[in-house]
Amino acid sequence: MAADHAFWEFPAMFDTLFPALHAHGDRPALRVLGRTLTFTELARACAHHAHRLDASGVAPGDRIAVWTQPTLETAVALVAHAAAGLVSVPIDPKLGPRELGHILADAAPVLAVAGDPGSLHAPSSLRTLQVTIDVSEPEVPLAPRPITDVPVLVLYTSGTTGAPKGALLTGHNIAFDLDALAEAWAWSDADTIVHALPLFHVHGLVLGLFGAMRRGSTLRWLPRFSEVELAAAVGAEPSAVLFAVPTMIHRLCEAASREATIAADLSTARLLVSGSAPLSQREHRRIEALTGHRVVERYGLTETLINCSTRVDGDRRAGSVGPPLRGVELRLVDDDRAPLDACDDTTFGEVAVRGPHVFAGYLDRPEATAAVLDAEGWFYTGDLATRSPDGSIRIVGRRATDLIKCGGFKVGAGEVEAALLEHPAVREAAVIGVPHDDLGESIVAFVVVAPDAARPTPLALEEHVAGLLSPHKRPRQVHLVGALPRNAMGKVQKTSLRDSLDP
Ligand code: MLC
Ligand code: AMP
């Protein structure tokens, strides 16, 4: 697409993704590991970064791989790209070669950016640019750009089979969803968002980073999770809003029994928000007893951003993810995708959603997109839920047992099985998720060793998966078995495997 002017020069007078960037305020925008940028400084840093990309030949619509290293530079690059209409492909810096190779081949970025390009494990054929933060006044300031239906993010997400797919999220998806969340949570520029989530998924990136920048809130990002530091960051801010996955809430509760400051710090928050996986009723009760806060729980997916949330002014019931957000249409459907009218909190169906928050499809995968998004714009989530008479939704399970949510990360059983099968000593492999107090679900592998191979240790197989994919996809338990249970068709009986673990 030929541009008749540089991508950082556009007139104003429209809604733009991050209005606070153009208001030139001296309020803090980003605080990362003791470094702070005000909105004015961030706008300048974004302009310089965008200008350097322009000078290196990057054009609107080009995809840029962003190595999400744990530094301020990562946050600046991601904001700059979205503000300048460039497409970021966030990369987990801990990805192993199999997954990294797949994502780079699939997304075909024109360039990779990183605060520390020296530690990039990218192929030498991929051009790299070091992100530097320059807060001097630029010759051409960052100009506001209208929000469009063009993708600004490609986020890789696992499915039941095959390698992860790139979900295309547009400026409109993001702005609509963030504005609906702001309404549900009374989220304003007086808030400081505090989180310790990675910047390569929806939760940390879209809600945490882009959400704060859209609202004009400060973001305090802790690139590594630590119970004491996260709680202290909440305690240090006058109107803190904490975003966490259930594993983090669980660990905060556990640590609070050893460290008295944690509960005291968390109790000063304006809002504690949990999502990306179900928060158990037990953790809801524990955190409330410790801090006096009822957690706000919200439910979403990479492909749809957030669909439902309990409201700050509503009933924050444990186990409920609240009603659909403003502007989100939600249906429960049966196995034939026919709508179910039930509002009895008992009948369950698959959650389908429609609205401006639903993604633009998977990159270059029309069949995979058509499998989840119908011609009328309904997106089928694969999650099973009930609906209460007041319209609030309770997630009760998932259609696909081959999807595992571990620590808030989605992992496809098939990806882990494929990685295990690459080990020379593995003849067969089956992977399941089992309930786990800390991780929600834990990845458990069953492996049949090849006849002539030396018997590998479970740890060696765990390390093997962590090395090829990413550490969070590694099995936390590996059982070496003589054979996998199969039915008459030869299909592995995962229920039997699950039952075999019961005491
Ligand atoms: C461990 N490590 C290894 C390893 N084992 N490295 C190499 N090889 C091995 N075998 C390293 C890890 O890299 C990490 O390093 C450290 O050891 C701990 O790893 P871990 O045990 O895997 O992490 P854990 O402690 O379990 O992490 C818990 C967690 C994490 C909660 C911090 O699961 C997390 O960040 N979850 C957030 C997931 C998330 O953002 N989901 C949002 C999806 S969006 P190091 O260097 O890190 O210490 C979505 C939509 C929505 O779902 O609704 O939001
Ligand atoms: P991801 O593809 O990583 O974005 O994961 C999306 C999935 O996370 C959803 O399909 C749900 O299964 C799960 N999820 C997210 N938030 C919640 C929640 N609050 N309660 C239950 N499940 C959730």
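The values are calculated or read from the model by the stated rules, or taken from the named source; none is laboratory data. Note that this is a predicted model, so its numbers are computed, not measured. Virtual Cβ from ideal backbone geometry, glycine too; neighbours counted across all protein chains shown. Each accessible area value is taken on the protein alone, full model and side chains, heavy atoms only, with ligands, DNA and RNA left out. Shrake-Rupley method; radii C 1.70, N 1.55, O 1.52, S 1.80 Å.
Values for this structure:
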{"item": "Neighbour cut-off at most 11 other Cβ (10 Å), DSSP loop, chymotrypsin sites (Phe, Trp or Tyr not before Pro), the stretch 310-412", "result": "none"}
{"item": "Separation of the ALA460 and SER124 label points, Cα + 7 Å toward Cβ, nm", "result": "3.2 nm"}
{"item": "Sum of -39500 (n - 2.57) over DSSP H runs of 4+, divided by residues of the chain (222 nm, nearest 500)", "result": "-8000 deg cm²/dmol"}
{"item": "Carbon and sulfur %, accessible surface of the chain computed with the full protein complex present, 1.4 Å", "result": "53 percent"}
{"item": "Separation of the LEU33 and THR160 label points, Cα + 7 Å toward Cβ, nm", "result": "4.1 nm"}
{"item": "Cα shape, the stretch 407-500, gyration tensor, a/c 1.5 rule", "result": "oblate"}
{"item": "Given LYS94/LYS494; LYS410/LYS491; LYS165/LYS410, the pairs whose alpha carbons are separated by over 18 Å", "result": "LYS94/LYS494; LYS410/LYS491"}
{"item": "Helix axis angle, 72-83 relative to the chain longest principal axis, alpha carbon, degrees", "result": "70 degrees"}
{"item": "Simple label model, 7 Å out from Cα along Cβ direction - ALA190 to ALA260, nm", "result": "3.1 nm"}
{"item": "Near-label residues of the stretch 458-483 by backbone N, under 19 Å of a point 7 Å along Cα→Cβ of ALA450", "result": "458-469, 479-483"}
{"item": "Stretch in the chain that is longest and holds no trypsin sites (Lys or Arg not before Pro) that DSSP places in a loop and that have at most 10 other beta carbons within 10 Å", "result": "259-490"}
{"item": "Fraction in percent of alpha-carbon pairs per bin - 10 Å, the chain", "result": "4, 19, 29, 28, 16, 4, 1, 0"}
{"item": "Charge dipole (debye, nearest 20) of the chain; +1 at Cβ of Lys and Arg, -1 at Cβ of Asp and Glu", "result": "800 debye"}
{"item": "Gained length - GLU367 relative to ASP15, 0.36 nm times residue gap less alpha-carbon distance", "result": "123.4 nm"}
{"item": "Dipole-positive endmost among THR310, VAL76, ALA413 within the chain (Cβ charges, Cα centre)", "result": "ALA413"}
{"item": "Neighbour cut-off at most 11 other Cβ (10 Å), DSSP loop, chymotrypsin sites (Phe, Trp or Tyr not before Pro), the stretch 6-99", "result": "PHE14"}
{"item": "Dipole of the chain [Lys/Arg +1, Asp/Glu -1 at C-beta], most positive-end residue of ILE404, TYR156, HIS479", "result": "HIS479"}
{"item": "Per residue, in Å², the accessible surface of the chain once ligands and nucleic acids are set aside, probe 1.4 Å", "result": "40 Å²"}
{"item": "Charge dipole (debye, nearest 20) of the stretch 407-500; +1 at Cβ of Lys and Arg, -1 at Cβ of Asp and Glu", "result": "220 debye"}
